[in-house]
Amino acid sequence: MSWILALPELALGCSGLVLLLAGVIPKTETFFPITMGAIGALLLTAVLVLGQGEGTALGGHYVADSFSGFMKILSLGAAAIALLVSLDFNEKEGLARFEFPVLVVFASLGAMLMISANDLMSLYLGLELLSLPLYVIAAFNRDNARSAEAGLKYFVLGALASGLLLYGSSLVYGFAGTTNFDRLADAFSTSQDASPGVVVGVVFVIAGLAFKVSAVPFHMWTPDVYEGAPTPVTAYFASAPKVAAIALLARVLLGPFGDLAAQWQQVILLVSIGSMILGSFAAIGQTNLKRLMAYSSIGHVGYALMGLAVSSDIGLRGLLVYMAIYVFMNMGSFAVLVAMRRQGRAVERIEDLAGLGRTDPTMALWMAVFMFSMAGIPPLAGFFGKLYVFLAAVQGGYWTLAVVGVLTSVVSAYYYLRIVKVMYFDQAVGALDRAPASLTIVMAGTGLFTLFFCLWPAPMLAAAQAAAAALLG
Amino acid sequence: MNAAGFPLLSLLTFLPLAGAAIIMSVRGDDEVIARNARWTALWTSLIVFLLSLILWARFDTSSAAFQFEEKLEWLPEFGVGYHMGVDGISVLFVLLSTALTPLCILASWESVTSRVREYMVAFLVLETMMVGMFCALDFIVFYVFFEAVLIPMFLIIGVWGGARRVYAAFKFFLYTLLGSVLMLLAILYLWYNAGTTDIPALFQYQVPHAAQAWIFFAFFASFAVKVPMWPVHTWLPDAHVEAPTAGSVILAGVLLKMGAYGFLRFTLPLLPEASATFAPLIFALSVIAVVYTSLVALAQEDMKKLIAYSSVAHMGIVTIGIFTFNQQGLSGALFTMLAHGVVSGALFLCVGVLYDRVHSREILRYGGVAKIMPAYALVFMLFTMASIGLPGLANFVGEFLVIVGAWRVNPWVAFGAALGMILGAGYMLYLYRRVSFGKITREDLRALLDLSPREYVVFAPLIVLTLWMGIYPQPFLSFFEASVAALVARHEAALNLSRLAGM
């Protein structure tokens, strides 16, 4: 009865169906109870993941280990917070339809399947299950041209990425004769050097996944989609799918293609350097906060990929810690973005934050904490995320990577500081509306984590260490 | 446990945060909050200062070892721990930080009227970071405090600063951050190769010869910006001019010492060969700094800018002293750092007194102040003379020792340092003459009030310290004698070792 191992996914899938039914049947609008139910289902699934055993299931398509546990809990938590953030926003923007939480639940199911994929087939299935709901929720504000454009753009480019991924997978299958990760690993460990076909296939797979994590040079869709999509959707885009795609990238490259490291390392190295540079320089000129966060997330992916580029257990640990801290900082700052309203209308330019330090000191304080943390200033959590990936780069002797990393982090500090400057140094242009309780909770929770991570870093490091060990064996 | 019987250094470090928490929790109208914030901040910093006097009383000056040590596990499997302790090099800087903070809070009593609560919180957080930085005996903990100083200082300059405050705050932050991140890479290299970041343990680790130069320049990037050394000093005049008075005092009094402290604590003991190799470079940069910034100071129109350039010159003398590697030079550098902390802090307070009344820092705006404010003119003169290096006042002892130490290494370096003292007399007396003497050309100056009781209270301890350090320096020198001797011995032993290995 190997499917028992996949109990968390089954539970989440069933609850998604139940929520869908529960949303359809009543005549009244059921956005709030369904969202609450969805958050409950996500948390329940996270608990099930914690109690999950290890091993493979479903004919070797599905694997569960501490790595998948770590990443799943992260993406489930991010999805739950994104739903919490969406509650108030969707009510006010007239998007309070029960389909939204249901779609997020199914997207999260796709994310979990991706993280647990142990076969190129289940990888593709998970990826598509994640992507399809995302296309829909990007265009969820369907009367808004920008939102519709975001959905369409994401769909077209996402389809292209899927095509690249499938093409790569079929090349790998053609040259290696199997799609199962374990057997692929066996095949590559015995052969002396990889055939060009396999290498081309791996590069295509990387390209397809790089689309999903929005790494340079496959990042073009990110600013437009982030800007156009409703803000809670952007918050979700920037966290859970990214965690899942990074997890998948790590699993594919370090698992079946681990012995081809010499071939793919340069690709990841360039992608990482490119993302860090673009993420720091392109964000400087932005005036829209959501576009700025899009470039910032490109930069953060660059730092996280630094951990993968060095292809060591310390690097993987750094990547895991970085992603975990990134999710918290990111959700916190998006909670602030979602809370930005003036006289009931959502605003999203940087200047709209002017004087927030006077008009809403608490929110300004949290935003400042997130911005300093993203800039990597100690003692905030973001510094420790960077510390561990830089340590891995230094240890592996990747000095170019490390130097580019620290220098771009100084450049990116400029635009994070600009937000602090607007909040604290500039004159207020009029107060923002009071943030609703749900957002205040998210800000305070993630803010406290960011602020006090330095006191107890050991548990998260231990979890990341165990996860890294599980993947690298 | 340690000599105090309780975790004194942690208490000194984190007590200001408790004060900040109290200030944050006060509710009421603006007036109540402001009054409460001022008093809470003052009392917190005074209690911290009184506690820090235990260090003065119980510190064993005959030992070069780290004292008042505290150790807590933080990330044991990575060899990173929370380790605090002071030795002769750092103990007086802890005291300097805790002594200047209450004075700064008192100096901002009336001049800061907007967002008083945030201002006081920023100062208390700043005190935590400064004290923690000087006490940290773990490289990662040190780096955390070293960098975290930037956050409150950025806000202090940017929120309560002058007209070009945004530019100055960004320049300050990005300049120092750029230097520090390169040091971070060097720290990571040491961490990975030595397997620990514990500073006393790292002292046992011999950095490979080939890596020393790289690590030296990574440290140099960070510390030289902080000191600041020519040519990376340009952030300092901007930051000083735009910062509020108390911000300038802390900046000149403590923050500039962080770079020189870094050289003493890390560069010299960890990288003896590279330090010896690159000492001529440091000498050259320092002498240029001393002469060039002194000449620049002569041409300034703005009082704060003039004193800021004089700080660069004085810190040039400090870096000369550090890289002489002998007892006189190092003791002199440490003494100059302390004296400069007191005297330049006091000079910024003097400028602040005028600025509070007239709201101008322009030298030409004044003239004949001595006739209107005689007591103020006397205080200002005392600190002007101290800054020049008049015997009997604080700066003289340190600068004299540095020149003696430098003479033993290279008379030309000593000549450069001495030239700085001569030029220093030039620009400081020129400043003093234009501000205090001459005809009263502006009628509104006649209405100025002399020092208020609060200002007397602020200046009194600084006057006492300046005279004490000038007339009877031995109590201060005795603190770092043993540590400096140990540092010199270590340095020479390491050089001999490498010379033997080279033969």
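The values are calculated or read from the model by the stated rules, or taken from the named source; none is laboratory data. No experiment lies behind these values; they were computed from the predicted model shown. Neighbour counts run over all protein chains shown; Cβ positions are idealised from the backbone, glycine included. These area figures cover heavy atoms from the full protein model, side chains too; ligands, DNA and RNA do not enter into them. Shrake-Rupley method; radii C 1.70, N 1.55, O 1.52, S 1.80 Å.
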Seminar exercise, completed: Flagged in the range A:284-307 as surrounded by 24 or more Cβ atoms within 10 Å (Cβ to Cβ) and more than 15 Å from the chain's Cα centre (by Cα), in numbering order, are A:Leu289, A:Leu292, A:Met306, A:Gly307
For this session: Answer yes or no as to whether B:Ala169 is at the interface with another protein chain (Cβ under 8 Å from one of its Cβ atoms) and in contact (Cβ under 8 Å) with a residue 12 or more places away in the chain.
Result: yes
For this session: Scan (1) at positive phi; (2) touching a residue at least 60 places away in the same chain (Cβ under 8 Å) for the single condition A:Gly94 breaks and write down its number.
Result: (2)
Exercise. Of the residues A:Gly285, A:Gly302, which single one is part of a helix (DSSP H, G or I) and either touching a Leu at 6+ places or on another chain (Cβ under 9 Å) or modelled with pLDDT under 90 (or both)?
Worked result: A:Gly302
Exercise. Across the range A:417-458, what is the number of residues that are on the phi > 0 side of the Ramachandran plot and crowded, with 19+ Cβ neighbours inside 10 Å?
Worked result: 0
For this session: Return yes when B:Val207 is surrounded by fewer than 24 Cβ atoms within 10 Å (Cβ to Cβ), touching a Lys or Arg at 6+ places or on another chain (Cβ under 8 Å) and either in a loop (DSSP other than H, G, I, E, B) or at pLDDT below 90 (or both) and no when it is not.
Result: no
Problem set entry | Residue, farthest from the other protein chains (Cβ to nearest Cβ), within the range B:144-166, restricted to residues that are assigned to a helix (DSSP H, G or I) and open to solvent by 10 Å² or more (accessible area, probe 1.4 Å) | B:Trp160
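Residue-by-condition table, conditions (1) among the β-branched types (Val, Ile, Thr); (2) in contact with a strand residue (DSSP E or B) (Cβ under 9 Å, 6 or more places away or on another chain); (3) closer than 24 Å to A:Val403 by Cα:
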site: A:Ala207; (1), (2), (3): no, no, no
site: A:Ala210; (1), (2), (3): no, no, yes
site: A:Ala215; (1), (2), (3): no, no, yes
site: A:Pro256; (1), (2), (3): no, yes, no
site: A:Gln263; (1), (2), (3): no, no, yes
site: A:Ile268; (1), (2), (3): yes, no, yes
site: A:Ile277; (1), (2), (3): yes, no, yes
Problem set entry | Condition broken by A:Leu10, with the remaining ones in (1) open to solvent by 20 Å² or more (accessible area, probe 1.4 Å); (2) within 28 Å of A:Asp143 (Cβ to Cβ) satisfied | (2)
Problem set entry | Close pairs from the range A:446-473: first more than 20 Å from A:Pro379 (Cβ to Cβ) and within 9 Å of chain B (Cβ to nearest Cβ), partner open to solvent by less than 60 Å² (accessible area, probe 1.4 Å) and not polar (S, T, N, Q), Cβ under 9 Å, at least 6 apart | A:Gln465/A:Arg317; A:Gln465/A:Leu320
Problem set entry | Tabulated pairs, the range B:54-79, first away from chain A (no Cβ under 14 Å) and closer than 20 Å to B:Leu96 by Cβ, second modelled with pLDDT of 85 or more and open to solvent by 80 Å² or more (accessible area, probe 1.4 Å), C-beta under 6 angstrom, 6+ apart or interchain | none
Problem set entry | One residue from B:Leu354, B:Leu306, B:Leu330 being closer than 25 Å to B:Val94 by Cβ, aliphatic (A, V, I, L, M) and open to solvent by less than 10 Å² (accessible area, probe 1.4 Å) | B:Leu330
Problem set entry | the range A:386-426, residues that are more than 7 Å from chain B (Cβ to nearest Cβ) and of a type in the set (D, E, K, R) | A:Lys386, A:Arg418, A:Asp426
Exercise. Are any residues in the range B:91-111 surrounded by fewer than 23 Cβ atoms within 10 Å (Cβ to Cβ) and assigned to a loop (DSSP other than H, G, I, E, B), and if so, which ones?
Worked result: B:Trp109, B:Glu110, B:Ser111
Problem set entry | Answer residue from the range A:333-361, given it is outside any helix (DSSP H, G or I) and within 14 Å of another protein chain (Cβ to nearest Cβ) and is nearest to A:Gln286 (Cα to Cα) among those | A:Ala354
Exercise. Looking at the range A:308-329, which of its residues are small (Gly, Ala, Ser) and either under 17 Å from A:Met374 (Cβ atoms) or under 11 Å from the mean Cα position of the chain (by Cα) (or both)?
Worked result: A:Gly318, A:Ala324
